[in-house]
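The values are calculated or read from the model by the stated rules, or taken from the named source; none is laboratory data. Everything numeric in this text was worked out from a predicted model, so none of it was measured. Cβ atoms come from the backbone with ideal geometry, glycine included; neighbour counts cover every protein chain shown. Just so you know, the surface numbers come from the protein's heavy atoms only, side chains and all, with ligands and any DNA or RNA stripped out. Shrake-Rupley method; radii C 1.70, N 1.55, O 1.52, S 1.80 Å.
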Amino acid sequence: MPRPTATAAIALVLGLLPLASIAAEPDPAARGRYLLAIGGCNDCHTPGFAQQGEVIPEQDRLTGAALGFSGPWGVSYPSNLRLSAHQAGEEEWLGKARRNGLPPMPWTALQAMSRDDLAAIYRYLRALGPAGNPAPAALGPGQALPTPPFVFVPQPPTSGKTSLR
Ligand code: HEC
């Protein structure tokens, strides 16, 4: 006959195992939210965030912007990340996030992220759900401008200094 104390101890440990694994498993969507915050992604991908910051409600964020960035590449518009994640499966979205697109999107930051971190961002975007309209399509150099963009062109200094260093 098995000793009752040992049986009880084993039953207790087995009973607690599922709880322990839940506690050890971090919520990927919460991690994605954190990564987007420390990555400064809202500054470009949330309209008005660079100017107003945290007052913009979470459900209104990451919907892309019609305020473009103009430079030698033409004009790029920060994508609506809510729609982007909603319209793609996880693998497809990771591929889109790791490609080399137009400036000033910090593509190398996404390429440097671990697969788990990028997938956590995807899951957070999916959890937020789709919202807003697609950002305007990028324009090639010299195309007519339908909206006023930020201009990314080095300006001559207005003090006596002439070096960029
Ligand atoms: C300085 C502005 C800026 C910042 C900051 C920025 N982005 Fe972007 N992002 C853009 C622009 C502009 C595009 C569109 C580029 C293009 O058309 O090739 C873009 C495109 C993307 C795309 C491609 C979406 C698709 O469906 O093709 C992803 C994903 C993305 N950004 C994620 C992020 C994440 C995550 C962060 C924070 C770590 C971030 N971005 C920070 C400007 C920015």
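For Phe150, the solvent-accessible surface computed with a 1.4 Å probe is close to 100 Å², ligands and nucleic acids excluded.
Using a Förster distance of 22 angstrom, determine the FRET efficiency expected from the C-beta separation of Arg115 and Gln87, and round it to 0.05. Efficiency, from the Cβ-Cβ distance: 0.60.
Could you order the peptides 139-145, 122-128, 37-43 from most to least packed, using the average number of other C-beta atoms within 10 Å per residue? Show your work: numbers first, answer last.
Values: 139-145: 10.0, 122-128: 20.1, 37-43: 14.4.
Sorting 139-145, 122-128, 37-43 by mean packing, highest first, produces 122-128, 37-43, 139-145.
Placing a label point 7 Å from the Cα of Gln155 along the Cα-to-Cβ direction, none of the residues of region 40-76 has a backbone N under 12 Å of that point. Comparing Phe69, Gly95, Ser79 along the charge dipole axis of region 26-97, the residue lying farthest to the positive side is Phe69, per the Cβ-charge model. Legend: calculated FRET efficiency, Asp27 to Leu102, from the Cβ-Cβ distance at R0 = 25 Å, rounded to 0.05, equals 0.15. Label reach from Glu58 (point 7 Å along Cα→C-beta): in region 65-96, amide nitrogens under 16 Å belong to 82.
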